[in-house]
Amino acid sequence: MIEKATHKNETLFDPLASKAERYEKGAAIRKNVPCSSHQEYKAAEDREDPIDILIKTSVGRIESLLPIRYRRMMESPFAFFRGAAAIMAADLAQTPNTGIDLQLCGDCHLMNFGGFATPERKLVFDINDFDETFQGPWEWDVKRLAASFAIAGRWLKFSNKSNKEFAWHVADSYKRHMLDYSKLSALQIWYADIDLAELIELGKDEEIKEFHQKRIKKAAEYTAHEKEFAKMTYQDGVRARIKDEPPLIFHSSGNDEKIIMKEAELVHKRYIESLPEDKQVLLSRYSMHDFAIKVVGVGSVGTLCGISLLMSATGEPIFLQFKEARQSVLEQHVKAKRKYNHEGERIVMGQKLMQSASDIFLGWTNDDRGRFFYIRQLRDAKVKPVLEIMKEENLADYAKACGWALARAHARSGDPSVLSGYIGDGNEFANAISKFSLLYADQNELDYNKMIKAIKEGKLPVSAEI
């Protein structure tokens, strides 16, 4: 029987130990928690009902938006998986634990990766969602990412054999790149990034390569915020306003709008104070003109999210996205103590620790009602994965890319020598993760069917199709 969480935490990097000594330290952990143990998944006898978890995670959300949340989750088992990070966190807590903790993404699935522009305007490939980031066992991120490929593969009607291979590629790529990072200095790891154009060149499918190269060219030519301004605003007298597109983008109505605008200006002022002084000087050139609620993603639906329109005196726009920051779904399942009392600060600091380059406007704030937020640019030359057009070969390549990006992110806060020592140079770890992923895909499907049943019984509200 593998113990779940009794090992000493191995998070801290030991600067006095050699790489070889740290590698052996990881290999020693493998004797207590074999790589093969990670293939295990069996629902705990006292497993909490997934519908109860969904209902609990909806507490405190905007009630009128919950039907949109459940409508999006019922689209497919993969859409359900994207919104069910809390369910999987509870399940991962019951799996074998290496005791090696580092900064986790926390909601590590394949749609939370993509391309975006760095402050130097270079397009890189990286993780781009950190709402659930927290310190925890490194293998949880790998398992959630690999499982997302098995589940998405089923949704795309690929065979179980192929879906298992996608998950295998995630873990194998993670292993190979973690070994590469273990040979670098800490500073070299910090400077490392994944060039999006070079990554696409590695693919063999010429058709999909050409498709992505066109997207990169379009993103590179993109003038930040100008296209959004033309598309998302209208002129209201002398003032630009964000267009309403209910139920996904909307303003509060009546007298509430003036009150909320005053609150938004106060929250914005607090946000600016969280930024470095040079960014404060930059944003002092802009004032808030408007803000609106915006429904985003799957897991975030119902939390208070929106967009702010800032304008300079000479008419240049900046769109900022604010998202409510709630307690990480991981926190109740890990031994790590919280470093930040402010949930927005937790997300911002986790993102800066894991990403190769972060948005220059990334900051945090709060209102007077006890709600926390983090803020970033609405879009910055983003290139999202388009699953619907992917063939098996493309999804396998994408699995390798995500495994690489996750290894790079983990190498920053973890010890790549210890992690490489634990994984070893064989296929045992990747084989185990691929088996786990299929088992968890089965569990996810059972949970999805329970949600569909709960919707039919009226336990969960759903909106009309949007």
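Is there a residue being over 30 Å from residue 338 (Cα atoms), in contact with a His (Cβ under 9 Å, 6 or more places away or on another chain), open to solvent by 60 Å² or more (accessible area, probe 1.4 Å) and assigned to a loop (DSSP other than H, G, I, E, B) anywhere in the stretch 284-291?
Scanning the stretch 284-291, I find no residue that is over 30 Å from residue 338 (Cα atoms), in contact with a His (Cβ under 9 Å, 6 or more places away or on another chain), open to solvent by 60 Å² or more (accessible area, probe 1.4 Å) and assigned to a loop (DSSP other than H, G, I, E, B), so the answer is no.
I'd like the full set of residues that are hydroxyl-bearing (Ser, Thr, Tyr) and either closer than 25 Å to residue 329 by Cα or touching a strand residue (DSSP E or B) at 6+ places or on another chain (Cβ under 8 Å) (or both), limited to the stretch 120-178.
Within the stretch 120-178, 133, 148, 174 meet the criteria.
Output the residues belonging to the stretch 109-134 that are assigned to a loop (DSSP other than H, G, I, E, B) and farther than 18 Å from residue 323 by Cα.
109, 118, 119, 120, 121, 122
Can you name the condition, by its number, that residue 61 falls short on among (1) under 21 Å from the mean Cα position of the chain (by Cα); (2) open to solvent by less than 30 Å² (accessible area, probe 1.4 Å)?
Going through the list (1) under 21 Å from the mean Cα position of the chain (by Cα); (2) open to solvent by less than 30 Å² (accessible area, probe 1.4 Å), residue 61 breaks only (2).
Check the stretch 127-150 and report whether any residue there is touching a residue at least 60 places away in the same chain (Cβ under 8 Å), under 25 Å from residue 19 (Cβ atoms) and open to solvent by 20 Å² or more (accessible area, probe 1.4 Å).
Yes, the stretch 127-150 has at least one match.
Select from the stretch 407-450 the residues that are assigned to a helix (DSSP H, G or I), open to solvent by 10 Å² or more (accessible area, probe 1.4 Å) and of a type in the set (S, T, N, Q) and list them in ascending order.
Of everything in the stretch 407-450, those that are assigned to a helix (DSSP H, G or I), open to solvent by 10 Å² or more (accessible area, probe 1.4 Å) and of a type in the set (S, T, N, Q) turn out to be 413, 431, 443, 449.
Could you count how many residues in the stretch 292-321 are without any contact (Cβ under 8 Å) to a residue 24 or more places away in the chain and among the polar types (S, T, N, Q)?
Count: 1.
When you scan the stretch 424-432, do you find a residue that is within 20 Å of the chain's Cα centre (by Cα) and in contact (Cβ under 8 Å) with a residue 40 or more places away in the chain, even just one?
There is no residue in the stretch 424-432 that is within 20 Å of the chain's Cα centre (by Cα) and in contact (Cβ under 8 Å) with a residue 40 or more places away in the chain.
Pairs only if they're at least six apart or on different chains, beta carbon under 9 angstrom, first in the stretch 275-291 and under 22 Å from residue 238 (Cβ atoms), second open to solvent by 60 Å² or more (accessible area, probe 1.4 Å) and small (Gly, Ala, Ser); list them, first residue then second.
What qualifies is 285/313; 286/313; 287/313.
Can you find a residue that is open to solvent by less than 60 Å² (accessible area, probe 1.4 Å), of a type in the set (D, E, K, R), more than 27 Å from residue 364 (Cβ to Cβ) and part of a loop (DSSP other than H, G, I, E, B) anywhere in the stretch 242-261?
No, the stretch 242-261 contains no residue that is open to solvent by less than 60 Å² (accessible area, probe 1.4 Å), of a type in the set (D, E, K, R), more than 27 Å from residue 364 (Cβ to Cβ) and part of a loop (DSSP other than H, G, I, E, B).
Restricting the search to the stretch 215-237, which residues are open to solvent by 40 Å² or more (accessible area, probe 1.4 Å), at pLDDT below 80 and outside any helix (DSSP H, G or I)?
221, 222, 223
Is one or more of the residues making up the stretch 391-406 assigned to a loop (DSSP other than H, G, I, E, B) and either in contact with a helix residue (DSSP H, G or I) (Cβ under 8 Å, 6 or more places away or on another chain) or at pLDDT 95 or above (or both)?
Taking every residue of the stretch 391-406 in turn, at least one turns out to be assigned to a loop (DSSP other than H, G, I, E, B) and either in contact with a helix residue (DSSP H, G or I) (Cβ under 8 Å, 6 or more places away or on another chain) or at pLDDT 95 or above (or both).
I'm trying to understand the selection: among the residues of the stretch 185-214, which are free of Cβ contacts under 8 Å to residues at least 24 places away in the same chain and either in contact with a Ser or Thr (Cβ under 9 Å, 6 or more places away or on another chain) or open to solvent by less than 60 Å² (accessible area, probe 1.4 Å) (or both)?
185, 191, 200, 209
If I ask for residues that are in a loop (DSSP other than H, G, I, E, B), over 21 Å from residue 382 (Cα atoms) and open to solvent by less than 10 Å² (accessible area, probe 1.4 Å), which ones from the stretch 315-369 would you list?
328, 330
Here's a check for you: in the stretch 114-125, which residue that is surrounded by fewer than 24 Cβ atoms within 10 Å (Cβ to Cβ) and not aliphatic (A, V, I, L, M) is nearest to residue 178 (Cα to Cα)?
114
The values are calculated or read from the model by the stated rules, or taken from the named source; none is laboratory data. The structure displayed is predicted, hence computed values, not measured ones. Cβ atoms come from the backbone with ideal geometry, glycine included; neighbour counts cover every protein chain shown. Just the protein is used for accessible areas: all its heavy atoms, side chains included, with ligands, DNA and RNA removed. Shrake-Rupley method; radii C 1.70, N 1.55, O 1.52, S 1.80 Å.
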